[in-house]
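Notes follow once the structure below has been shown.
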Amino acid sequence: MFKLCILAGDDPNRPPAAIAPGWEMAEIPVALQVKPFESEAVWIAKRQEIASWGLPPIKVASHFLQFHGLIPVGPGADWDQLAFWTKRAFARLAGLGVEVAGVYGGFFRPPADFPVDVAWEQALTYVDIMADEAEKHNMLIALEPIAEPDTLWPMYPDGVAFAKEVGRPSVRVMADMNYFIRGNQPLELIAEEPSYCLHVHIAGEKGQPGVGDMEGMFTNLFRVLRGINYQRGVSAACPWVSTEGGPLDYGKETAKTLAYLKGLRDQVYAE
């Protein structure tokens with residue numbers, strides 16, 4: 001079976017230590033938690049803080065490029081800055097036990113007046129730099145298409161095609177259900193290139209899984225993942241809402257979501 005994963009540390013209003021027990025793995029945001037531009041002293045303290053949260057094994061990182069003007073395409077690409085960030089980020093992630101680092105497609109958006117072919121070559125160069133660092137630590141890279149047509153690889157098949165052009169075994173793709181919906185593309189596309197799917201993101205309808213009427217889509221996704229023998233993570237990387245009214249009880253809501261997803265997963269694998 002695939003493993004149920006939760007994104008932690010992405011919002012101060014959702015304390016990671018409050019997550020309900022039982023999740024099988026965790027995902028953290030690089031820019032907010034790993035902070036590659038901060039000193040080693042700061043990182044030592046941050047590692048201790050992360051350990052205190054009591055998360056399940058942290059196997060995935062996302063939000064790899066964020067803040068500080070980190071742009072890998074366009075006239076503002078600063079290669080020295082990108083190289084430093086990337087090298088330190090992968091070293092620190094490896095120390096946490098992370099296996100897959102996700103990079104958001106929104107950072108691969110060339111300016112309107114910038115040549116797309118030049119941006120494409122810049123993107124290939126930067127992802128190749130990422131692969132150099134990832135492979136030093138036996139890590140993998142998951143490109144995350146976001147269904148926005150002004151990005152270089154907007155949909156899942158585009159991400160696969162780009163990864164193939166990079167030509168590094170460490171570079172593959174993340175499947176985010178919301179972007180399949182936004183791009184009106186079938187989840188079955190994942191099964192066309194099963195070896196390229198490194199991680200999966202899911203959400204509910206204006207909230208966490210279990211909120212809104214998305215059970216049919218979750219069931220379909222789980223069947224696709226079962227069919228390709230996918231055994232990596234499926235992350236609740238989503239907004240969170242109170243299903244009982246009043247302030248958000250993060251521990252209670254993460255427990256409900258976990259029970260909901262386990263039930264659906266068990267149902268699909270029992271078919």
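The values are calculated or read from the model by the stated rules, or taken from the named source; none is laboratory data. If you're wondering where the values come from, they're calculated on a predicted model, not measured in any experiment. Virtual Cβ from ideal backbone geometry, glycine too; neighbours counted across all protein chains shown.
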Give the residues of region 36-76 that are surrounded by 14 or more Cβ atoms within 10 Å (Cβ to Cβ), at pLDDT 95 or above and of a type in the set (Gly, Ala, Ser), sorted by residue number. Ala61, Gly74
Could you run through region 213-270 and say how many residues are outside any loop (DSSP other than H, G, I, E, B) and farther than 24 Å from Pro21 by Cβ? 10
For residues that are modelled with pLDDT of 95 or more and more than 21 Å from Val100 (Cα to Cα), tally how many sit in region 193-209. 2
Could you tell me which residue of region 261-271 is farthest from Asp10 (Cα to Cα), considering only residues that are aliphatic (A, V, I, L, M) and either loosely packed, with under 14 Cβ neighbours inside 10 Å or touching a helix residue (DSSP H, G or I) at 6+ places or on another chain (Cβ under 7 Å) (or both)? Ala270
Quick check: is even one residue across region 237-260 surrounded by 13 or more Cβ atoms within 10 Å (Cβ to Cβ), closer than 23 Å to Ala191 by Cβ and touching a Pro at 6+ places or on another chain (Cβ under 7 Å)? no
For a quick check of your reading of the model, give me the residue pairs whose first member lies in region 212-235 and is on the phi > 0 side of the Ramachandran plot, whose second is modelled with pLDDT under 95, with beta-carbon atoms closer than 8 Å and at least 6 apart or on different chains. Gly212/Gly204; Gly212/Glu205; Gly212/Lys206
What do you reckon, is Tyr126 over 15 Å from the mean Cα position of the chain (by Cα) and crowded, with 21+ Cβ neighbours inside 10 Å? yes
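Tell me whether region 132-147 contains one or more residues that are part of a helix (DSSP H, G or I), closer than 20 Å to Phe107 by Cα and touching a Phe, Trp or Tyr at 6+ places or on another chain (Cβ under 6 Å). Quick ask: steps written out before the conclusion?
Within region 132-147, the first condition is being part of a helix (DSSP H, G or I), and the residues that meet it are 132-136.
Filter once more, so that each one left must be closer than 20 Å to Phe107 by Cα: 132-134.
When the remaining residues are screened for being touching a Phe, Trp or Tyr at 6+ places or on another chain (Cβ under 6 Å), the result is 133-134.
Within region 132-147, one or more residues are part of a helix (DSSP H, G or I), closer than 20 Å to Phe107 by Cα and touching a Phe, Trp or Tyr at 6+ places or on another chain (Cβ under 6 Å).
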Scan of region 37-55 for residues that are out of contact with any Leu (no Cβ under 9 Å at 6 or more places or on another chain), within 16 Å of Asp10 (Cα to Cα) and in contact (Cβ under 8 Å) with a residue 40 or more places away in the chain, ordered by number: Trp53, Leu55
